[in-house]
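Novice: First, the structure itself, so that you have it in front of you.
The values are calculated or read from the model by the stated rules, or taken from the named source; none is laboratory data. Here the structure is a predicted model, which means the values were calculated and not measured. Note that we place each Cβ from the backbone using ideal geometry, even for glycine, and neighbour counts take in every protein chain shown.
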Amino acid sequence: MKISMILFSLILGYISVTNVVSIAVMSVDFGSEWMKVGIVSPGVPMEIALNKESKRKTPAIVSFRDNVRLFGEDAQTIGLRFPKQAYGYLLDLLGKDIDHPLVKLYQKRFPYYDIIADEDRGTILFKQDTNLTFTPEELIAQFLTKAKEFAENGAHQPIKECVLTVPGFFNQVERKALLQSAQLAGLKVLQLINDYTAVALNYGIFRAKTFNESSQYVMFYDMGASSTSATLVSYQTVKTKERGFVETHPQVSILGVGYDRTLGGLEIQLRLRDFLGKKFNDMKKTKSDVFQNPRAMAKLFKEAGRLKNVLSANAEHYAQIEGLIDEQDFKLLVTRDELESLIPDLLERVAKPIEQALKTAHLTIDVVNQVVLVGAGTRVPKIQEVLQKAVGKELAKNLNTDEAATMGAVYKAADLSTGFKVTKFLTKDAVLFPIQIVFQRQTGEGTKTVKRTLFNLMNPYPQKKIITFNKHTDDFSFVANYADLDYLPLEEIQYINAHNLSEYHLTGVAEAIKNNLGENAESKGIKAHFSLDESGILNIVNVELVVEKTVIATEEEGTLSKIGSTFSKLFAGKDKPIEEEKQVDEKPVHEIHDEENEKPEASKAEEESIPQEKPENMTDAKNGTEQAVKEPKPKVVTVKEPIKSTETVLTLNSLSKEQFEASLEKIKHLDQIEHDINRRATALNNLESFVIDVQNKLYEDEYVEAATDDETEKIKQTCSEISDWLYEDGSEADADTYEKKLDEIQSLTKPLFKRVFEHKERPEALNALHSMLNHSSVFLKNAQNLTETTNPEKDVFKDSEVEALEKLLKDTTEWRDKAVKEQEALKKSDPPKLTVKHIMDKMAALDREVKYLVNKLRYYKPKKVEKPVEEKVTPTDNSTTEESANENLEETVEIPEEDNKKETSESSQDKKDQIDTHAEL
């Protein structure tokens with residue numbers, strides 16, 4: 001404990017403790033090859049969270065070996081020796097069955113993994129051993145848990161909320177699978193943001209001041225490890241009215257997207273791996289085939305990745321692997337031309353996403369202001385050459401290709417969270433896969449299949465839509481599926497796999513119609529409300545029968561009737577019809593009807609709901625008096641009765657409640673094992689470090705002087721015994737044993753360490769006490785001149801108060817002199833009599849006394865003293881002239897200026913106030 005800090009807290013007179021509320025949020029850019037984590041916390045702007053190696057990105061690899069789970073670089077090391085037990089490139093496996101083309105491609109690329117079908121869900125499993133399997137959701141959940149750990153270490157507080165980046169071409173099943181992974185990790189996902197949208201947001205927030213009402217078009221070309229995308233966006237300022245007044249905000253809109261799910265740096269690396277393997281086999285150094293050895297293939301894969309990166313900046317470089325197979329080394333000079341000769345078909349596909357993005361946006365490359373490169377794959381010179389030729393303009397490299405998506409996502413996280421306020425930057429994403437509703441309708445010619453597009457290609461979202469069924473009078477079903485996907489290449493359509501999403505069954509339709517239709521009632525159909533939320537996931541909000549009824553408002557329907565109607569709405573059951581007046585000015589959600597080109601006509605009830613002018617006064621012929629006659633006016637009331645709907649998922653099933661709980665227990669078990677391993681390693685390290693530290697300190701002069709011979713011998717012996725035990729029987733001990741040994745040696749050395757501390761810190765504490773006594777003595781001399789005895793005109797203090805301070809100063813000084821003398825008579829190895837705590841207590845007592853008197857001086861106000869009036873007023877004169885009144889005012893003693901100032905000091909200013917007061921005195 002630092003003496004200076006103790007003194008500072010004593011002088012201030014209080015210690016401020018601030019309870020920081022956990023409001024930090026994070027983003028996770030979980031890619032095929034790397035994971036990056038962004039954080040925003042109080043006092044810390046957007047930043048990348050560092051991993052345990054203090055690096056800004058972590059390899060997306062997890063390994064399991066000998067009951068030990070490792071991530072990142074540690075897992076990579078395990079993967080070189082035991083490839084089957086280290087899992088990577090997992091993102092593309094979410095939401096897919098064993099027969100999916102991308103699963104088949106994954107098995108071809110990494111043949112050493114044992115991938116089996118999950119019979120319960122129809123998805124896949126990684127078979128670790130006989131009794132242990134992992135789903136892709138479980139593996140990714142463990143990565144997200146590790147990302148949460150990195151973020152919490154960086155923010156120094158718990159984190160629960162996050163924004164996750166997701167490839168824009170992820171379909172409904174893949175997005176839901178990623179959300180379940182986050183749920184397994186204990187994270188609340190504020191939004192799944194498309195990776196290109198996050199990049200565009202990051203690009204825009206630093207250039208927001210350059211945008212205006214005119215659109216600026218920018219294309220982002222992102223080639224990552226597994227996939228490539230081209231995104232055309234527009235930047236402009238728009239006006240919004242959210243808080244009652246019009247505001248202008250910058251906005252980025254996604255206009256066109258093109259992508260290739262299998263074009264990326266991974267495919268280049270794999271081809272280079274196979275090239276190196278073939279070259280090694282051609283050398284005939286061994287009879288073993290390198291392609292049949294998983295460990296050798298893992299080594300070649302890692303070297304191919306390194307070589308690919310080096311050849312991006314160099315024309316040639318050596319590939320070198322020690323002990324590739326059968327203890328044979330491998331070394332080969334590889335040129336950039338040889339690398340490019342391996343990927344001619346890939347180069348032909350480079351420009352296709354750009355063409356697709358322009359086509360979906362219905363724009364040409366001429367309107368694009370900049371083409372910005374994103375992703376590590378764009379660093380390959382040949383890729384840049386092909387791109388520049390395709391776009392016909394210079395390529396922009398003014399964006400951090402590794403971290404742009406992470407930083408854009410964490411900005412969105414701060415915007416969506418309740419704990420931060422950021423400059424508003426609107427984002428409008430777009431639908432890549434059109435969604436339609438398909439249902440059957442009976443006609444005179446038989447059953448007819450009807451299709452209605454719900455969300456079309458490049459429709460902005462989040463968005464809500466309503467589809468109205470006008471012709472159904474009984475229970476029926478309809479299906480939501482992907483609409484026309486002909487704009488996509490055939491391979492990409494195959495990767496989407498299941499095109500049917502969900503089937504919705506509506507029940508209770510006939511009964512609802514029967515209960516609500518009648519005289520003056522018109523059915524507006526059964527309306528199904530859908531939403532495509534911020535994460536791009538389709539949800540059915542509710543289904544309801546809508547009926548408009550025309551009612552006549554009579555005079556008896558006064559205030560009490562309206563109040564009764566209001567109460568009936570409040571206390572009505574959820575299955576009862578909801579009545580509401582038709583709002584003429586209400587902006588409706590876009591509705592889709594079940595007939596082609598059908599436009600709902602205004603009903604008679606609507607026409608009748610328009611008030612008509614009536615004569616205000618009429619003459620009553622019978623009694624000859626004028627009476628106010630108010631004819632009843634028709635009113636349109638909308639009745640909405642919920643229709644029960646059940647959803648049947650037609651794609652792969654998400655984790656059921658039981659499966660989710662089982663996965664959660666599996667992950668918790670692995671987390672506990674990792675915690676126990678880390679705790680044991682920490683306990684072992686702490687014990688070893690402490691023993692070594694004690695052994696070294698026993699030879700330092702201050703410790704030698706403070707210890708007795710017996711004490712030193714006993715400590716040395718104990719340290720020697722623990723050290724020997726650590727390198728023999730204790731190497732396999734558990735954390736509890738290490739912690740017990742540490743407590744034992746700490747208890748033994750505590751008296752010695754305390755004496756050393758006292759001898760080291762005592763002089764500084766005594767100097768502080770000496771300084772405080774001197775300042776207090778100066779204050780006392782001045783205070784003695786401000787008592788009622790010495791200075792009646794300015795009697796700030798009572799005599800007893802000053803005498804009390806004088807006595808305390810005298811007693812403290814005598815105590816100090818006596819205690820110092822007694823302490824100096826002791827040996828350094830004896831228990832100290834004068835401790836730092838004793839000195840601090842004396843200083844605290846003196847500080848309280850002085851502070852009390854200082855505060856009394858600060859708030860003292862001199863008494864008003866009136867001088868005798870020169871002219872006496874006669875007793876009979878009850879009035880006072882204006883002149884004499886002015887004289888009396890002038891004769892009032894003026895209060896010093898400093899006493900008139902409003903005191904606004906707080907306890908944290910006490911130290912400054914003392915110094916100012918001393919200076920004034």
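Novice: Please work out which one of (1) in contact with a Leu (Cβ under 7 Å, 6 or more places away or on another chain); (2) closer than 30 Å to residue 708 by Cβ is the condition residue 815 fails and give its number.
Specialist: The single condition residue 815 does not satisfy is (1).
Novice: Here is a further query. Test residue 423 against the criterion of being of a type in the set (Val, Ile, Thr) and in contact with a strand residue (DSSP E or B) (Cβ under 7 Å, 6 or more places away or on another chain), and give yes or no.
Specialist: Here the answer is no, as residue 423 does not meet what is asked.
Novice: On the basis of being within 30 Å of residue 702 (Cα to Cα) and touching a residue at least 12 places away in the same chain (Cβ under 8 Å), does residue 759 make the cut?
Specialist: Against the criterion (within 30 Å of residue 702 (Cα to Cα) and touching a residue at least 12 places away in the same chain (Cβ under 8 Å)), residue 759 qualifies.
Novice: Quick one: residue 325 ticks every box in (1) in contact with a strand residue (DSSP E or B) (Cβ under 6 Å, 6 or more places away or on another chain); (2) surrounded by 20 or more Cβ atoms within 10 Å (Cβ to Cβ); (3) under 20 Å from residue 276 (Cα atoms) bar one, so which box is it?
Specialist: (1)
Novice: When the residues of segment 240-290 are narrowed to those that are among the polar types (S, T, N, Q) and not in a loop (DSSP other than H, G, I, E, B), which ends up farthest from residue 207 (Cα to Cα)?
Specialist: Here the answer is 281.
Novice: Would segment 139-156 turn up any residue that is at pLDDT below 95 and assigned to a loop (DSSP other than H, G, I, E, B)?
Specialist: Yes, there is a match, as at least one residue in segment 139-156 is at pLDDT below 95 and assigned to a loop (DSSP other than H, G, I, E, B).
Yes/no per residue for (1) in contact with a helix residue (DSSP H, G or I) (Cβ under 7 Å, 6 or more places away or on another chain); (2) farther than 20 Å from residue 132 by Cβ; (3) of a type in the set (Val, Ile, Thr):
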{"residue": "654", "(1), (2), (3)": "yes, yes, no"}
{"residue": "663", "(1), (2), (3)": "yes, no, no"}
{"residue": "669", "(1), (2), (3)": "no, no, no"}
{"residue": "674", "(1), (2), (3)": "no, no, no"}
{"residue": "682", "(1), (2), (3)": "no, yes, yes"}
{"residue": "691", "(1), (2), (3)": "yes, yes, yes"}
{"residue": "698", "(1), (2), (3)": "yes, yes, no"}
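Novice: Using beta carbons and a limit of 7 Å, which pairs, at least six apart or on different chains, have the first residue in segment 807-819 and of a type outside the set (S, T, N, Q) and the second one not in a helix (DSSP H, G or I)?
Specialist: So the pair list comes out as 819/833; 819/834.
Novice: Inspect all residues belonging to segment 119-136 and state whether any of them is among the basic types (Lys, Arg), part of a helix (DSSP H, G or I) and without any contact (Cβ under 8 Å) to a residue 40 or more places away in the chain.
Specialist: Scanning segment 119-136, I find no residue that is among the basic types (Lys, Arg), part of a helix (DSSP H, G or I) and without any contact (Cβ under 8 Å) to a residue 40 or more places away in the chain, so the answer is no.
Novice: Give me the residue from segment 631-651 that is among the acidic types (Asp, Glu) and part of a strand (DSSP E or B) and, out of that set, nearest to residue 498 (Cα to Cα).
Specialist: 647
Novice: Considering every residue within segment 693-709, establish whether at least one is among the acidic types (Asp, Glu), in a loop (DSSP other than H, G, I, E, B) and under 48 Å from the mean Cα position of the chain (by Cα).
Specialist: no
Novice: With the condition kept exactly as written, say whether any residue in segment 129-148 is surrounded by fewer than 21 Cβ atoms within 10 Å (Cβ to Cβ) and at positive phi.
Specialist: Among the residues of segment 129-148, not one is surrounded by fewer than 21 Cβ atoms within 10 Å (Cβ to Cβ) and at positive phi, which makes the answer no.
Novice: Residue by residue through segment 666-695, note down the ones that are in contact with a strand residue (DSSP E or B) (Cβ under 8 Å, 6 or more places away or on another chain) and hydrophobic (A, V, I, L, M, F, W, C).
Specialist: 670, 673, 677
Novice: Ok, one more. Can you run down the residue pairs with Cβ atoms below 8 Å, 6 or more apart or on separate chains, where the first is in segment 340-355 and more than 27 Å from residue 255 (Cβ to Cβ) and the partner is among the acidic types (Asp, Glu) and in a helix (DSSP H, G or I)?
Specialist: 343/267
Novice: Moving to a separate point now. Of everything in segment 777-788, what is modelled with pLDDT of 85 or more and more than 11 Å from residue 850 (Cβ to Cβ)? Give them in sequence order.
Specialist: The answer is 781, 782, 784, 785, 786, 787.
Novice: Sticking with this one: Can you name every one of the helices (runs of 4 or more DSSP H) wholly within segment 336-410 that holds 1 or more residues which are farther than 20 Å from residue 195 by Cβ and not assigned by TED's automatic domain parsing to the domain that holds residue 164?
Specialist: Correct list: 336-341, 344-349.
Novice: Could you check how many residues of segment 650-667 are modelled with pLDDT of 90 or more and surrounded by fewer than 12 Cβ atoms within 10 Å (Cβ to Cβ)?
Specialist: Total meeting the criteria: 4.
Novice: Now for a separate question. Could you say which residue among 83, 158 is in contact (Cβ under 8 Å) with a residue 12 or more places away in the chain and under 24 Å from residue 661 (Cβ atoms)?
Specialist: 158
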